[in-house]
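One structure is given below, encoded as structure tokens.
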Amino acid sequence: MNTELVGRDYKILPEVTSTNTAVKELNQEQELPEGFCLLSEYQTSGRGQYGKQWDSEPGQNLLMSLLLRPVFLSASESYRLTMSVCLALHDLGLELGFDSYIKWPNDWFYGEQKIAGVLAESSLRGSRMENCIVGIGINVRQKKFPHPQATSLSKIIGQDLAVQEVFEKLVVHLDNRYQQLRFKQYEGQHREFESILYGRDQWVPVLRDGQKLSLRCEGVNPGGELKVTWQDGRQETLQHQSIRFVF
Ligand code: BTN
């Protein structure tokens, strides 16, 4: 691919357990170049956030993992990488003609439906980030989902897209956003990310310890925590998994 770094080198395998696991193993056998992408048509044990499963119909969706070495980031600012990947997803949506948003911490949404998820797994060297494997699963052509809260790019734009075409478009955005990050354009990306965050301008319902409450998202911090205001006026910074958005 004709990019600076992301996707210059890539490989497609018909079947893997999980592209994240496969990239980790390949990189242990022989150090992979930064920006390497592995795509697969099918995963037998696709993984989502928080130990969940990620299922996808064979050949219908983009299942990829990207190897990055953001050594310029400390562990405490690891979420900056997730922010830039989410911005690239949002950029892809704009290129395809629709506006979208990110549901904290890393779900790509259109309306009330999820299009894609990101699973970033990092290793550290001391307090700095070393290898980061960014797994991205984008629903591309699949039309039927077991959950009503899922959709695909083809459903949104009303036209069938090829998985390879989506990959080629996405790597350009991932590459641009990663270059911005490497050149430390942190504040600009942070602001942009917060502007596409779900619940930024309105009260949204969430579940916390089984209780339904409303909050407004004020922003995130570089470690990935969510800054919120509760409807009773209290402010709080939330850790991953402490709430669940409900629609
Ligand atoms: C989530 O929303 O929970 C994250 C989903 C991430 C899924 C992708 S598909 C490609 C890569 N390989 C995996 O096993 N998971 C990620």
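Worth a mention:
- Leu96 fulfils the conditions (1) more than 9 Å from the ligand (Cβ to nearest atom); (2) within 29 Å of Glu218 (Cα to Cα); (3) within 15 Å of the chain's Cα centre (by Cα); (4) among the aliphatic types (A, V, I, L, M) except for a single criterion, (3).
- Pairs are defined by a Cβ separation below 6 Å, a sequence spacing of at least 6 or placement on different chains, a first member in segment 204-231 that is at positive phi, and a second member that is surrounded by fewer than 18 Cβ atoms within 10 Å (Cβ to Cβ); the pairs so defined are Gly219/Glu194; Gly219/Lys227.
- Within segment 104-125, restricting attention to residues that are within 13 Å of the ligand (Cβ to nearest atom) and within 15 Å of Gly223 (Cα to Cα), the residue that is nearest to the chain's Cα centre (by Cα) is Asn106.
Conditions tested, residue by residue: (1) acidic (Asp, Glu); (2) touching a Leu at 6+ places or on another chain (Cβ under 8 Å); (3) not in a loop (DSSP other than H, G, I, E, B).
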| site | (1), (2), (3) |
| --- | --- |
| Leu63 | no, yes, yes |
| Leu67 | no, yes, yes |
| Pro70 | no, yes, no |
| Thr82 | no, no, yes |
| Gly93 | no, no, yes |
| Asp99 | yes, no, no |
| Ile102 | no, yes, yes |
| Pro105 | no, yes, no |
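- Scope segment 112-160; condition assigned to a loop (DSSP other than H, G, I, E, B), touching a residue at least 40 places away in the same chain (Cβ under 8 Å), out of contact with any Ser or Thr (no Cβ under 8 Å at 6 or more places or on another chain) and surrounded by fewer than 16 Cβ atoms within 10 Å (Cβ to Cβ); matching residues: Glu112, Pro146, Gln149
- Residues of segment 60-83 that turn out to be touching a Pro at 6+ places or on another chain (Cβ under 9 Å) and under 24 Å from Leu26 (Cβ atoms), as a count: 5
- Positions within segment 1-24 being in a strand (DSSP E or B), within 17 Å of Leu170 (Cα to Cα) and among the aliphatic types (A, V, I, L, M), in sequence order: Ile12
- Residues within segment 25-53 that are assigned to a helix (DSSP H, G or I), within 12 Å of the ligand (Cβ to nearest atom) and touching a residue at least 24 places away in the same chain (Cβ under 8 Å), tallied: 2
- Number of the exception - Asp99 against (1) in contact (Cβ under 8 Å) with a residue 12 or more places away in the chain; (2) surrounded by fewer than 21 Cβ atoms within 10 Å (Cβ to Cβ); (3) touching a helix residue (DSSP H, G or I) at 6+ places or on another chain (Cβ under 7 Å): (1)
- Only residues that are in contact with a helix residue (DSSP H, G or I) (Cβ under 6 Å, 6 or more places away or on another chain) and more than 6 Å from the ligand (Cβ to nearest atom) were counted in segment 54-63, giving 1.
Quick note: the coordinates plus some simple rules give every number you see, no bench work behind them. Keep in mind it's a predicted model, so treat the numbers as computed, not measured. Neighbour counts are summed over all protein chains in view; Cβ atoms, including those assigned to glycine, are modelled from backbone coordinates with ideal geometry.
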